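To keep things clear, I will list the structure first and then write my remarks on it.
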Amino acid sequence: MSTRASLALLVLGGGGAVAAAIVAPADAADAASQAWPAFVLVAGLLLIGAAAAREGVFAAAGTLASRAPGGAAVLLVVLLLVTAVVTAVLNLDTAVVFMTPVLLQAARQRGVPDGPFLYGTVFMANSASILLPGSNLTNLIVLRHEHVTGSAFAATLAPTWAVAVAVTIAFVLVAFRRDLSGHAGGGTPDRVVFRPRAGTVGIAVAVVLVLVLANPALPVLGLGIAVALLTRLPLGRALAAVNPALLLGVLGAAVALGALARSVGWISSLVDHAGRWETAGIAAGASVLVNNLPAAVMLSAHVPPHPRALLLGLDLGPNLAVTGALSAVLWLQVARANGARPSVLRYTLLGLVLVPLSLGLTLLLPVRL
């Protein structure tokens with residue numbers, strides 16, 4: 001998203017939050033208390049990711065994957081698995097920002113069209129964001145009522161995560177089979193200098209904090225700031241990675257819509273009497289209409305009866321349209337900056353097939369949702 005668009009969103013979201021605070025201060029305060037930890041956490045993770053990227057962590061992972069024997073399809077599978085791990089550990093927004101260039105470079109080195117690697121990155125980032133609370137901001141927002149640790153959350157959602165990842169890989173392979181066929185050979189991957197320092201250590205520490213703490217937002221932000229200072233991350237690069245105007249704009253919109261949901265009872269009660277399937281469907285639709293972060297604050301204003309099904313809709317549903325998640329906005333920006341030509345229409349046409357498949361198969365699992 002351009003600087004002008006980010007500032008426009010900041011003005012709109014901030015204005016909405018201020019208006020909500022004036023009209024319904026108690027509801028706005030409750031919505032803000034539910035939303036802010038998620039945005040603070042992702043800011044810390046993005047700082048750690050920016051420092052780690054300078055050390056060559058993501059490029060080294062991509063280069064290592066590029067050396068896997070086999071054709072373009074094997075390369076794609078390996079890189080999508082790497083993206084799934086980065087998403088789970090460092091958040092889906094971090095994954096699209098730092099892995100999209102890695103996958104595009106790998107495709108171009110093999111002489112493969114960008115398509116499967118470009119769309120595979122963002123689809124995988126959304127699909128793989130259900131493993132840990134910090135993997136997706138919506139997880140933290142919905143779980144505000146539970147105070148569950150990351151390890152307990154992962155223990156419940158691990159089978160669902162595995163199915164979502166597998167379905168996404170299979171779908172991308174089938175949807176782009178023509179682009180991937182006939183590319184058995186491979187060029188020599190570029191040599192990458194990997195110097196593990198504070199950024200790399202920061203990734204490991206962040207994982208521990210997310211797994212152990214019920215609310216890791218402030219500790220992870222503190223860690224991100226410390227890592228940025230230790231690695232002497234340039235201020236311009238730090239601001240570009242975090243994009244505070246965009247984050248604050250979406251936070252403002254979440255507070256405004258969350259306050260509205262608390263003031264207008266029927267909005268927050270949409271999922272109160274819905275089953276698992278209906279809850280996931282409502283969440284997916286709401287994420288496309290208003291973005292999954294404001295939708296999470298709206299639909300979980302009260303404790304939902306099926307919180308895990310709500311998360312599936314909020315996490316997997318954004319693969320329907322680029323309006324569904326902040327990750328898609330960042331993906332568009334990074335892809336264009338790296339010479340790719342992402343299509344909003346193609347994204348939706350692919351998502352119309354992928355989302356019913358991923359949501360349907362994950363909801364069929366015998367997991368408490």
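The values are calculated or read from the model by the stated rules, or taken from the named source; none is laboratory data. Everything numeric in this text was worked out from a predicted model, so none of it was measured. Reconstructed Cβ throughout: ideal geometry from the backbone, glycine too, with neighbour counts over all protein chains shown. To get the accessible areas, we keep the full protein, side chains included, count just its heavy atoms, and leave off ligands, DNA and RNA. Shrake-Rupley method; radii C 1.70, N 1.55, O 1.52, S 1.80 Å.
Scanning segment 153-200 for residues being open to solvent by less than 40 Å² (accessible area, probe 1.4 Å) and modelled with pLDDT under 80 gives a total of 2. Screening Pro69 against (1) assigned to a helix (DSSP H, G or I); (2) without any contact (Cβ under 8 Å) to a residue 40 or more places away in the chain leaves a single unmet condition, (1). Sub-8 Å Cβ pairs linking a first residue in segment 103-116 that is at pLDDT below 85 to a second residue that is surrounded by 21 or more Cβ atoms within 10 Å (Cβ to Cβ), at least 6 apart or interchain, are Gln109/Ser66; Arg110/Ser66; Arg110/Ala72; Arg110/Leu75, ordered by first then second residue.
Of the residues that sit in segment 297-327 and are small (Gly, Ala, Ser) and either over 22 Å from Ala84 (Cα atoms) or open to solvent by 20 Å² or more (accessible area, probe 1.4 Å) (or both), which one is farthest from the chain's Cα centre (by Cα)? Write out each step before concluding.
Taking segment 297-327 and keeping what is small (Gly, Ala, Ser), we get 300-301, 309, 313, 317, 321, 324-325, 327.
Next, from what is left, pick out any that are either over 22 Å from Ala84 (Cα atoms) or open to solvent by 20 Å² or more (accessible area, probe 1.4 Å) (or both): 300-301.
Numbers: Ser300: 19, Ala301: 21 Å.
Within segment 297-327, the match that is farthest from the chain's Cα centre (by Cα) is Ala301.
Counting only residues that are at pLDDT below 80 and under 20 Å from Ser33 (Cβ atoms), segment 252-275 holds 4 of them. Considering only residues in segment 341-369 that are open to solvent by less than 30 Å² (accessible area, probe 1.4 Å) and assigned to a loop (DSSP other than H, G, I, E, B), the one that is modelled with the lowest pLDDT turns out to be Leu369. Evaluation of Ser129 against the conditions (1) among the polar types (S, T, N, Q); (2) in a helix (DSSP H, G or I); (3) surrounded by 24 or more Cβ atoms within 10 Å (Cβ to Cβ) shows that the sole unmet condition is (2).
Pairing residues of segment 1-25 that are outside any helix (DSSP H, G or I) with residues that are small (Gly, Ala, Ser) and open to solvent by 50 Å² or more (accessible area, probe 1.4 Å), at Cβ distances under 7 Å and at least 6 apart in sequence or on separate chains, gives Ala24/Ser263. Within segment 74-108, the residues that satisfy the criterion of being of a type in the set (Gly, Ala, Ser) and within 12 Å of the chain's Cα centre (by Cα) are Ala84, Ala88, Ala95.
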